[in-house]
1. What angle do you read, to the nearest 10 degrees and between 0 and 90, between the alpha-carbon axis of helix 2-16 and the longest principal axis of the chain?
2. Say R0 is 22 Å: what FRET efficiency, to the nearest 0.05, do Asp125 and Ala209 get from their beta-carbon distance?
3. Which of the pairs Lys222/Lys242; Lys222/Lys278; Lys222/Lys289 have their Cα atoms more than 18 Å apart in this structure?
4. Rounded to a whole number, what % of the accessible area of the chain do carbon and sulfur atoms account for, probe 1.4 Å?
5. Once the Cα atoms of helix 226-237 and of the chain are each reduced to a long axis, what angle between those two axes, in degrees from 0 to 90 to the nearest 10, is obtained?
6. Stick to Cα atoms and the Kirkwood definition of Rh, then tell me Rg/Rh for the range 142-229.
7. From the P(r) of the chain, can you give the percent of Cα pairs sitting at distances over 28 Å?
8. Among 137-148, 55-66, how do they line up from the highest to the lowest mean number of other beta-carbon atoms within 10 Å?
Amino acid sequence: MRRALLAAVLALAACDGQPSPAPPLPTVAATHAGPYDAGPVTPPARGALLGAWVKPDSYSQPGRLEAIEGLQRDLGRRLDIVNTYRRFDEDFGTESDREFIRQGLTIMLSWASGDTRSITSGRHDDLVRAQARRVREARVPVLLRFRWEMDRPNLRAAMWSPEDFVAAWRYVRRIFDEERVRNASWVWCPTAEGFTRGEAPAFYPGDDAVDWTCVDVYAGSKLRPIGDLMAPFLRWAAARDKPIIVGEFGVAGVWGSAARVSWLRDAARTFKANPQIKAVSYFESDDDKGPTGHFRLANDPPAFAAFVELSNDRWFNPR
């Protein structure tokens, strides 16, 4: 991996020495300078934290640890944030969670929900209380991304309506408050497409119930600059005194190495041009939805080199 990465970095440097079309100007919208009402996970004063989800070879505890450790070795730096996914009935506080915490990494717990009306009916109170206690027992700040991408069309049956989702969010947060959870920053994270369609804002639980705003954005089925994809969200988020985390971002391998390099470089420029973006997290994984869902960079040396370039930029090393 290291040898291929070095060759790719040299190739990128050589390309930079040749005349090329001027890159698009980055989209600028989210410039709120703070102070932010962000909860216990404090955003950096300048720059943005870097995180990732890395799909492990096996979903064992050693597999989860090796996935993150392998990415960190190849990047030549430690991550700030580790994204981890859990089903509604899946426990937080596993062996790998504890090890990441021991290493000083901030965990972003992407916690799926069940049917919203079954939550507000009280059917899952014991489950929610138990998860709340596990988060509290971590004793370090945690980003809690409850039912991310709630605006996806394939979740409409379980969400029922935006109003039902908001009620479920507030219901779960109230239980966490009752369990004296003081170390969770609540992250509200719809999709960029949901803002383009105009549907996502209706799912917002309110400024008093959200600590970080968030968006997931991909160049999957369409290759468009990330600033274009994020623009409706950025304009909306700019009006709030909340820091922004890009909870997932990725560019599909189907577009080819050169296009991926360009897209990632434009992503870095866009993130830096919107200083309200205080954290970004790459989705280093291929899903099962076909080529437009394959976002893994490690098997594409030029694209991975562009990600190394981003990750070693001082802006993404605020600590």
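1. The two axes meet at around 70 degrees.
2. Efficiency, rounded to the nearest 0.05: 0.75.
3. Details: Lys222/Lys242 29 Å; Lys222/Lys278 26 Å; Lys222/Lys289 14 Å.
With Cα atoms farther than 18 Å apart: Lys222/Lys242; Lys222/Lys278.
4. Using a 1.4 Å probe with all protein chains present, the chain comes out at 53 percent carbon and sulfur.
5. The answer is roughly 30 degrees.
6. 1.01
7. Result: 38 percent of Cα pairs exceed 28 Å.
8. Ranked from most to least packed, the peptides come out as 137-148, 55-66.
The values are calculated or read from the model by the stated rules, or taken from the named source; none is laboratory data. Predicted model only: the values in this text are computed from it and were never measured. Positions of Cβ are backbone-derived with ideal geometry, glycine not excepted, and every protein chain shown enters the neighbour counts. Calculation scope for accessible area: heavy atoms of the full protein, side chains included, ligands and nucleic acids excluded. Shrake-Rupley method; radii C 1.70, N 1.55, O 1.52, S 1.80 Å.
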